[in-house]
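Working notes, structure below.
The values are calculated or read from the model by the stated rules, or taken from the named source; none is laboratory data. Note that the coordinates shown come from a computational prediction; the quantities given were computed from them, not determined experimentally. Because the Cβ atoms are built from the backbone with ideal geometry, glycine has one as well, and the counts that use them run over all protein chains shown. Areas reflect the complete protein model, heavy atoms only, side chains present, ligands, DNA and RNA absent. Shrake-Rupley method; radii C 1.70, N 1.55, O 1.52, S 1.80 Å.
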Amino acid sequence: MKLITVAGPPSSGKTSVILRLADVLRERGKTIGVVKFDCLTSFDRERYTEYGIPVQVGFAGKFCPDHFFISNVEDAVRWGTEQGFDILITESAGLCNRCSPHIRGVLAICVIDNLSGVHTPRKIGPMLKFADIVVVTKGDIVSQAEREVFMFNIRQVNSSAKIVFINGITGQGAFMLGKHAESASETTSLRGYKLRFTTPSSVCSYCTGETRIGEEYQMGMLRKMEFP
Amino acid sequence: MTEDLYEIIAGTTLGKLLASHPVAADFFVNYNLQNLKSDLPLSEALDYADENTLIDFGLDKATVLDQLVRFLQTVAEEKQTAAVEEITILGGQTKSGEAEEFTLSIKPGEIVSIVGPTGSGKSRLLADIECLAQRDTPTKRLILVNGKTLEDEERFAMDGRLVAQLSQNMNFVMDLSVEEFLEMHAKSRLHPEPERVAAECFAAANELAGEKFTPDTKVTQLSGGQSRALMIADTACMSASPIVLIDEIENAGVDRRQAIRMLAKNEKIVLISTHDPLLALIAGKRLVIKNGGVHAVIETTPEERESLAKIEMLDNTLQSIRNRLRTGGRITPDTI
């Protein structure tokens, strides 16, 4: 089974991109499954199901979404293998722009959209920086010039990624993504695999549910700013 | 080669590097490294960089240099756009699977229009050209570049740089003045004289726009027609992509004929999908799409070109009615 991780800020068009990619892959006779990692709510189960794509949805709730992803992705792969999919796609939102579900040896896609502003690529961290493919959506509603400046700003952060422009409504551009998806390597288990970037570090009193503010309630890993 | 470049860059001071490669300034800002000592060789200057800042970005001294080298190389590569002397479209199949029999070669400076009812497959043809289809899209068409088929690797390497697209909705979301916007674009294209090309582009845009605008107008305040004019001029003057795909830009407010000519004059291959008779006939050839396939390739006859003048008159009449209404005038039978 080929495994692909897809991440991107909320509402950048991840689900639409995955659906358009599914169109291309199905045309080639491939079966696809999706595991959606979300925070509190998600309407994507319906969208995938309507589309005839088997889907599992998990909610991080009060946990760090990145930690939630990494502690469940092995089980996701097991599910995908048991179901006998040709391709399993995990979808997660890069909520703090530091979340990065990309795994070494697993095709990593980051989805961002043109409407978020030309400087956005520079504000997104490891999720964009460590992606193999950067998919840019909503290009049909901005100018060619803005698309080019946007692409240039992606290049500054990630000079080796392939950049693919996809129209999430018509599917234009999805074809090339399909080509890339076919080059993903086979994954049967993630044992021994490594993340491309560390998850946000934590373990402090607030991680375990403390809500009171003040020095005496702060324990564990902390980072202090310097004020003059 | 890369190693040499690595050594050279590691030994260069930030001051010198920025003088020769201004594009690198943003690279350092991206990693919160804008305060490096500019008079030390980079490899030494990075010794003073805050380690935590580097760690936050998953970097260390060596990887910063490595990434910088890669960035400068990628940018240099992107600057040299593949020379396209010709693209050739070879027929595939229609929606019902019948053979689509046609072959068409297009050279820079040529204009081809694509006509056909809505839903007939015009956008599919544009999509095939965009991804340089190799008999592997649903239409099974084949696109040759300079007479050759392409391996996947070559298609990936071109990375969407071959095709610029002007779509129906063209808005600006950046909060910049026209002048700032054009200079920003020129800089991202690494143009040696960003101010000059920005000024040229501004003049060209104002030629196309019905209502003039100034360099300090915010791009978000431009009217639909003005935005479109700016975008077309920008694509003609600044975009490096040799192929321009235009999807139905009929809406009023831009001198369409001049817009298309401006693109073609800049030695681009122009394909326009359109329902507009004026645009359809400006092209030297038009493709008629039916049932997902190219039904006919029609060369514009001298007679049609003559009719173009008449159509233009009709178009001007309509435009003057529009202007009259806009400015609070009344329409009488003799104004038409």
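Overview of values
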{"item": "Selection within the range B:212-224 - of a type outside the set (D, E) and open to solvent by 10 Å² or more (accessible area, probe 1.4 Å)", "result": "B:K212, B:F213, B:T214, B:P215, B:T217, B:K218, B:T220, B:Q221, B:L222, B:S223, B:G224"}
{"item": "Qualifying residue in the range B:197-210 (condition: facing chain A (nearest Cβ under 10 Å), surrounded by fewer than 17 Cβ atoms within 10 Å (Cβ to Cβ) and not in a helix (DSSP H, G or I))", "result": "no"}
{"item": "Residue within the range A:184-195 that is within 24 Å of A:S100 (Cβ to Cβ) and without any contact (Cβ under 8 Å) to a residue 24 or more places away in the chain present", "result": "yes"}
{"item": "Condition check for B:E130: more than 12 Å from every other protein chain (Cβ to nearest Cβ) and under 21 Å from B:M231 (Cα atoms)", "result": "no"}
{"item": "So B:L318, is it surrounded by 18 or more Cβ atoms within 10 Å (Cβ to Cβ) and not β-branched (V, I, T)", "result": "no"}
{"item": "Residues satisfying the stated conditions in the range A:130-146, i.e. at the interface with chain B (Cβ under 8 Å from one of its Cβ atoms) and open to solvent by 20 Å² or more (accessible area, probe 1.4 Å)", "result": "A:F130, A:D140, A:I141"}
{"item": "Residue in the range A:95-106 that is surrounded by fewer than 17 Cβ atoms within 10 Å (Cβ to Cβ) and away from chain B (no Cβ under 14 Å) present", "result": "yes"}
{"item": "Test result for A:T199, more than 10 Å from every other protein chain (Cβ to nearest Cβ), surrounded by fewer than 20 Cβ atoms within 10 Å (Cβ to Cβ), in contact (Cβ under 8 Å) with a residue 40 or more places away in the chain and touching an Asp or Glu at 6+ places or on another chain (Cβ under 8 Å)", "result": "yes"}
{"item": "In the range A:23-55, the residues that are of a type in the set (S, T, Y) and touching a residue at least 40 places away in the same chain (Cβ under 8 Å)", "result": "A:T31"}
{"item": "Out of A:I112, A:I163, sole residue that is more than 9 Å from every other protein chain (Cβ to nearest Cβ) and in contact with a helix residue (DSSP H, G or I) (Cβ under 7 Å, 6 or more places away or on another chain)", "result": "A:I112"}
{"item": "Residue list for the range A:166-182, restricted to those being facing chain B (nearest Cβ under 8 Å) and among the polar types (S, T, N, Q)", "result": "A:T170, A:Q172"}
{"item": "Selection within the range A:122-154 - out of contact with any helix residue (DSSP H, G or I) (no Cβ under 6 Å at 6 or more places or on another chain) and of a type in the set (K, R)", "result": "A:K123"}
{"item": "In the range B:48-59, residue farthest from the chain's Cα centre (by Cα) [restricted to those that are buried (at least 18 other Cβ atoms within 10 Å of the Cβ) and within 11 Å of chain A (Cβ to nearest Cβ)]", "result": "B:L59"}
{"item": "Answer residue from the range A:107-129, given it is closer than 24 Å to B:G225 by Cβ and among the hydrophobic types (A, V, I, L, M, F, W, C) and is surrounded by the most Cβ atoms within 10 Å (Cβ to Cβ) among those", "result": "A:V118"}
{"item": "Enumeration of residues in the range B:174-211 that are among the hydroxyl-bearing types (S, T, Y) and under 18 Å from the mean Cα position of the chain (by Cα)", "result": "B:S188"}
{"item": "Test set (1) surrounded by fewer than 21 Cβ atoms within 10 Å (Cβ to Cβ); (2) at the interface with chain A (Cβ under 9 Å from one of its Cβ atoms) - B:L166 fails condition number", "result": "(1)"}
{"item": "Residues being among the β-branched types (V, I, T) and exposed (fewer than 14 other Cβ atoms within 10 Å of the Cβ) - total across the range B:9-47", "result": "1"}
{"item": "Residue in the range B:169-196 that is nearest to the other protein chains (Cβ to nearest Cβ), counting only those that are under 23 Å from B:K268 (Cα atoms) and among the small types (G, A, S)", "result": "B:S188"}
{"item": "Residue match in the range A:216-228 (condition: open to solvent by less than 20 Å² (accessible area, probe 1.4 Å) and either not in a helix (DSSP H, G or I) or not charged (D, E, K, R) (or both))", "result": "no"}
{"item": "Segments classed as strands (runs of 3 or more DSSP E), wholly inside the range B:86-163, with at least 3 members that are open to solvent by less than 40 Å² (accessible area, probe 1.4 Å) and within 19 Å of B:K285 (Cβ to Cβ)", "result": "B:87-90, B:111-115, B:142-145"}
{"item": "Top-ranked residue of the range B:38-49 - restricted to ones that are of a type in the set (D, E, K, R) and touching a residue at least 12 places away in the same chain (Cβ under 8 Å), ranked as nearest to A:P200 (Cα to Cα)", "result": "B:D47"}
